[in-house]
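> I'd like to ask some things about the structure below.
The values are calculated or read from the model by the stated rules, or taken from the named source; none is laboratory data. This structure is a prediction, so every number in the text was calculated from the model and none was measured. Cβ atoms come from the backbone with ideal geometry, glycine included; neighbour counts cover every protein chain shown.
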Amino acid sequence: MSITYLEAIREAQARALAEDPRVFIYGQDVGAFGGAFKATKNLAKTFPGRVIDAPVSEDAMVGLGVGAAIEGMRPIIEMQFADFSTAGFNQIVNQAATLYWRTNVPCPITIRLPCGGTSGSGPFHSQSMETIYAHYPGLVVLTPATVEDAYSMLLEAVAIDDPVIFCEHKLLYYHLKAEKLPTEALPVGKARISREGRDMTIVAYSAMVHEALAAAEELAGEGFQVEVVDLRSVKPLDTDTVMASVARTGRLLCVGESWPWGGVTAEVIARVVSEGFGLLDAPPRRLNAKDTPVPYHPSLWAAHRPTARSIAGAARNLLRM
Amino acid sequence: MFQAVLNPGALGKASPFCDSYLKAYRLALLSRILDEKFASLYRAGKIHGGVFMGRGQEVLSVSLGMALRPGDVFAPLIRDAAGRLAFGEPLLDAVRTYLGSPQGPMRARDGNVHRGRPLEGLFPMISHLGAMISVVNGALLARRLKGVSGTVGATCIGEGGTSTGSFHEAVNQAAVEKLPLVLVVANNQYAYSTPNSRQFACRSLLDRAHGYGVEGCAVDGTDLEACLKGVGEAVENARAGRGPQLVVARLLRLCGHGEHDDAGYVDAKLKQSPLGRDCLKVAEELMQSRNWAGPEALAAWRSEAVQKIEQAVAQVQREPGPDPFKEVWSALSCRALSEGVEES
C-alpha cells in the first residue's frame, strides 16, 4: 500500500470536505471529470453540490472564492495550472490579500496551483509562481516537497484564516510515494532538515528538495556531508532553521526552480548575509532556472532548471572555496 | 419623519410609492450635500487623496439602495454615496473614511470610496473595475450552499467598467450559476475622459444582457420614478429566482471624474440634452407638480441634511488620527504566520 503526492492532495481535500461543511471546491473541470490532473477524482460524487465546475474564468473564480470566504465558507480554488493564475492575479493580490488588512475581516481561501516544470510542458504549463505571490503582503505561500507535507499542509491551508497559495509540484504528482498518510506534522512556517550534514547547507523547496537530496548523496560519495533544508513554506520563511544550519556548516547554497531575478533564493541569502554574515566561511551562492521562458524540448528543459547534477556542481565549487 | 415636515394638507393622495419617492429624494439630497462637503474639504486641503462625487447619478444609486433589504449584499462603486446611505451605511462611516479617522470601518488604512462592512453585507470596492461582481457572486453562491434563500446581491459599475475582462467573467459566471445578482450599469457617457464612442461599439449596453443570457432593462437615470420602478423590479426579479438582472441607466456625470478634474472634455451638447438634466431638480419639480412637497419642505429637508453633515464632520474632525507607532503592521489575521510584524 502506497500513496502518491497527488493522491495525498485528493485525500486531504476529501477529509476537509468531510470534516468541515464550510469547505467547497471550485475550479475548471473539477466536478464529475475530477480535474485535469484528477486531484478531485470522485469528490463530486461523494460530496454532491460541493465540488463545482467553473467557467474558464480565473479572475471570477478567485473573486467568487473571496465573496464566499466573507460569508464564512472555506473555498478551495483549483487553478488548472499555476501559470493560469496570472489571469486571476488581480483578485488574488488586490482582493484576497488586502481584505483582512483593510476591513479586519479574514479571507480564508486556499488557491491550489499545480506548478513547476515537467518534460514537454513548455512556457505556459511549467511556471513556478511562489516568488510573485510571496512578494505581496497578505498571502501565505506553501511549497510542499513530500507526500506527507502535501497532505498535512493542504489540510492546514484550509484551516488557516488567511489566503493561502498552495504550490503543488506537478513533477511529484505521480512518482513521489509514501507508505501512508501522516498522523502528525510540522506546523506551517517551520522548515525541515531533510538531510543532516556539517560541510555545507543547501536550502531548497518543492521539487528542488529531491534534486538537492540526490546531489547530497552524490557528494557523500566524494566525502562531503551536505545538509539539506526543505523550506516547506516560503512565506512565512523559517529564517531561524536556515540560520542555525548555516551556523553549523558555514556554507550556503540556495536552490529554486523559479527564475533568478529576486525571489525566494535571493531572499534567503539576503537574510543570512544581513543577519548572519559572520557565520559564513564562503560567499553564499544560489542556483535558479535560466532567465528565459521554460523551454518545451526535454533536453532544453533539463538544462533550464537546476538538477541534481548542476546542484552538485555548484556545491563542489562552493566547498572548494 | 419627513411627513412631519410636509404640510399634511398638501399630501393629497399619500401612497406607498409617494413615501418611497420622498424618502429616496431625501437620501439622494443628503448624498449630494455630503459629496459637496467632501469637495469643499478637499479644496481646503483637509482630505488626503481624492474625492469622487455622484453628482447626476444620485437617483439611480439611491433607487438600488432603497430596493435592497437588510441581509442583502451590496458592493457599491465610486458614485454611490446615495445608494450606500439608503442601504444603511452610517453617515459617519463616509466621513471617517474620507477624513482618515481610525474609528471608521477602514481605520485609516483605506480611504474615500473604499469603505464597507463586509460582515454586514456592504463590500468595500477595490479600484480595479469589474472586480467586485464576482465577489458578490461568491457571497450569493455561499448562501446557496448554506441553504439561505430570499436575499440578493447588487453591485454598480460605469460603462467604462463593462469593458473589463472581470466584468465579462463575472456576469457570465452569475448567469451560469443563475445567481440573484443585480448589476446596475450607470452609463454616464464618460469613463474619466473617454466617451462612449471609444468605449464600446454595440448599439446599446443592454444588448449584452442577451449575450449573457440574463434579463435586462433600461432606465432613464435622471428620473427618480423610472429608477425606483426599473431598479426595484430588477431586484424583485432577482429575489423571485429569475437569475441575474442587468440594469442599464443613461445619464450624464455632472462633475469631473474626481474633484481634481474640471471635466472640460464633456460635450456641451450633452449637457444641454435631456441626459444632462440634474436628477435632483427633476425630482423636485415632480414633487411640486404632484403636490407631494412644496418649497418650504424642500428647504427644510436641505437644511436638515446640511446640519446632519456638519455635525458628523465636526465630530470626526475632533477624533485623533492614526498612530503609526500603535499600528499593527500585519496583513494576516494569523499573526504567528505574519512576516510583517516587527518585534519591538
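> Looking at the stretch A:84-104 only, could you name the residues that are touching a Leu at 6+ places or on another chain (Cβ under 6 Å) and under 17 Å from A:I70 (Cβ atoms)?
A:A97
> Output the number of the condition that B:L179 fails; it satisfies all remaining conditions of (1) in contact with a Leu (Cβ under 7 Å, 6 or more places away or on another chain); (2) closer than 29 Å to B:H257 by Cα; (3) among the hydrophobic types (A, V, I, L, M, F, W, C).
(2)
> In the stretch B:106-123, what residues are surrounded by 23 or more Cβ atoms within 10 Å (Cβ to Cβ) and free of Cβ contacts under 8 Å to residues at least 40 places away in the same chain?
Correct list: B:M106, B:R115, B:P118.
> Still on this structure, please answer the following. Within the bounds of the stretch A:103-112, is there any residue that is crowded, with 24+ Cβ neighbours inside 10 Å, touching an Asp or Glu at 6+ places or on another chain (Cβ under 9 Å), touching a residue at least 24 places away in the same chain (Cβ under 8 Å) and not in a loop (DSSP other than H, G, I, E, B)?
There is at least one residue in the stretch A:103-112 that is crowded, with 24+ Cβ neighbours inside 10 Å, touching an Asp or Glu at 6+ places or on another chain (Cβ under 9 Å), touching a residue at least 24 places away in the same chain (Cβ under 8 Å) and not in a loop (DSSP other than H, G, I, E, B).
Rundown of residues vs (1) over 33 Å from the mean Cα position of the chain (by Cα); (2) among the aromatic types (F, W, Y); (3) closer than 25 Å to B:L99 by Cβ, yes/no style:
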| position | (1), (2), (3) |
| --- | --- |
| B:P295 | no, no, no |
| B:Q307 | no, no, yes |
| B:Q311 | no, no, yes |
| B:V316 | no, no, yes |
| B:E319 | no, no, yes |
| B:D323 | no, no, yes |
| B:W329 | no, yes, yes |
| B:L332 | no, no, no |
| B:A336 | yes, no, no |
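Here's the yes/no breakdown for (1) without any contact (Cβ under 8 Å) to a residue 24 or more places away in the chain; (2) more than 16 Å from the chain's Cα centre (by Cα); (3) crowded, with 23+ Cβ neighbours inside 10 Å; (4) not in a strand (DSSP E or B):
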residue: B:V135; (1), (2), (3), (4): no, yes, yes, yes
residue: B:L140; (1), (2), (3), (4): no, yes, yes, yes
residue: B:L145; (1), (2), (3), (4): yes, yes, no, yes
residue: B:V148; (1), (2), (3), (4): yes, yes, no, yes
residue: B:E169; (1), (2), (3), (4): no, yes, yes, yes
residue: B:Q173; (1), (2), (3), (4): no, yes, yes, yes
residue: B:V184; (1), (2), (3), (4): no, no, yes, no
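> Also, I was wondering about something else. Any residue that is part of a loop (DSSP other than H, G, I, E, B) and either among the polar types (S, T, N, Q) or not assigned by TED's automatic domain parsing to the domain that holds A:G27 (or both) - is there at least one of those in the stretch A:91-98?
No; the residues of the stretch A:91-98 include none that is part of a loop (DSSP other than H, G, I, E, B) and either among the polar types (S, T, N, Q) or not assigned by TED's automatic domain parsing to the domain that holds A:G27 (or both).
> While we're on this one: If you check A:A16, A:A32, which single one turns out to be over 13 Å from A:E78 (Cα atoms), of a type in the set (A, V, I, L, M) and more than 22 Å from the chain's Cα centre (by Cα)?
One residue alone meets the criteria, A:A32.
> Of the residues that make up the stretch B:222-240, is at least one in a strand (DSSP E or B), hydrophobic (A, V, I, L, M, F, W, C) and surrounded by 20 or more Cβ atoms within 10 Å (Cβ to Cβ)?
There is no residue in the stretch B:222-240 that is in a strand (DSSP E or B), hydrophobic (A, V, I, L, M, F, W, C) and surrounded by 20 or more Cβ atoms within 10 Å (Cβ to Cβ).
> Moving on to the next point. Considering only residues that are touching a Phe, Trp or Tyr at 6+ places or on another chain (Cβ under 8 Å) and either at the interface with another protein chain (Cβ under 7 Å from one of its Cβ atoms) or not β-branched (V, I, T) (or both), which ones fall in the stretch A:99-113?
A:P106, A:C107, A:R112, A:L113
> Can you go through B:K271, B:K281 and tell me which one is loosely packed, with under 13 Cβ neighbours inside 10 Å, part of a helix (DSSP H, G or I) and more than 14 Å from every other protein chain (Cβ to nearest Cβ)?
B:K281
> Quick one: which of A:R15, A:R50 is touching a residue at least 24 places away in the same chain (Cβ under 8 Å), of a type in the set (K, R) and more than 10 Å from chain B (Cβ to nearest Cβ)?
Of the residues listed, the single one that is touching a residue at least 24 places away in the same chain (Cβ under 8 Å), of a type in the set (K, R) and more than 10 Å from chain B (Cβ to nearest Cβ) is A:R15.
> Which one is nearest to the chain's Cα centre (by Cα) among residues in the stretch A:118-137 that are within 14 Å of chain B (Cβ to nearest Cβ) and more than 15 Å from A:D83 (Cβ to Cβ)?
The selected residue is A:A134.
> Only one of B:R79, B:R96 is surrounded by 21 or more Cβ atoms within 10 Å (Cβ to Cβ), assigned to a loop (DSSP other than H, G, I, E, B), touching a residue at least 40 places away in the same chain (Cβ under 8 Å) and not aromatic (F, W, Y); which?
Being surrounded by 21 or more Cβ atoms within 10 Å (Cβ to Cβ), assigned to a loop (DSSP other than H, G, I, E, B), touching a residue at least 40 places away in the same chain (Cβ under 8 Å) and not aromatic (F, W, Y) holds for just one of B:R79, B:R96, which is B:R79.
> Considering the stretch A:57-86 alone, what residues qualify as being closer than 22 Å to A:S126 by Cα and more than 9 Å from chain B (Cβ to nearest Cβ)?
Across the stretch A:57-86, the qualifying residues are A:I76, A:I77, A:E78, A:M79, A:Q80, A:F81, A:A82, A:D83, A:F84, A:S85, A:T86.
> Mind checking which pairs have a first residue in the stretch B:247-271 that is more than 27 Å from B:G230 (Cα to Cα) and a second that is polar (S, T, N, Q), Cβ under 6 Å, 6 or more apart or different chains?
B:Y265/B:S193
> Still on this structure: Name the residues in the stretch B:99-133 that are away from chain A (no Cβ under 11 Å), part of a loop (DSSP other than H, G, I, E, B) and either hydrophobic (A, V, I, L, M, F, W, C) or within 25 Å of A:M61 (Cβ to Cβ) (or both), would you?
Across the stretch B:99-133, the qualifying residue is only B:V113.
> A further question on this structure: Which of the following residues is touching a Ser or Thr at 6+ places or on another chain (Cβ under 9 Å) and assigned to a helix (DSSP H, G or I): A:A244, A:A270, A:A315, A:A303?
Just a single option satisfies the conditions, and that option is A:A303.
> Still on this structure, please answer the following. Determine if the stretch A:177-184 includes at least one residue that is buried (at least 23 other Cβ atoms within 10 Å of the Cβ) and either in contact with a His (Cβ under 7 Å, 6 or more places away or on another chain) or in a strand (DSSP E or B) (or both).
no
> Are any of the residues in the stretch A:203-210 part of a helix (DSSP H, G or I), surrounded by fewer than 24 Cβ atoms within 10 Å (Cβ to Cβ) and not assigned by TED's automatic domain parsing to the domain that holds A:G72?
Checking the stretch A:203-210: at least one residue is part of a helix (DSSP H, G or I), surrounded by fewer than 24 Cβ atoms within 10 Å (Cβ to Cβ) and not assigned by TED's automatic domain parsing to the domain that holds A:G72.
> Residues in the stretch A:118-128: is at least one farther than 26 Å from A:I3 by Cβ and surrounded by 24 or more Cβ atoms within 10 Å (Cβ to Cβ)?
Checked the stretch A:118-128: at least one residue is farther than 26 Å from A:I3 by Cβ and surrounded by 24 or more Cβ atoms within 10 Å (Cβ to Cβ).
> Only one residue in A:M79, A:M129, A:M61 is in contact with a Lys or Arg (Cβ under 9 Å, 6 or more places away or on another chain) and of a type in the set (A, V, I, L, M, F, W, C). Which one?
A:M79
> Kindly provide the set of residues from the stretch B:73-98 that are within 14 Å of chain A (Cβ to nearest Cβ) and in contact with a strand residue (DSSP E or B) (Cβ under 7 Å, 6 or more places away or on another chain), ordered by number.
Scanning the stretch B:73-98 gives B:V73, B:F74, B:A75, B:E89.
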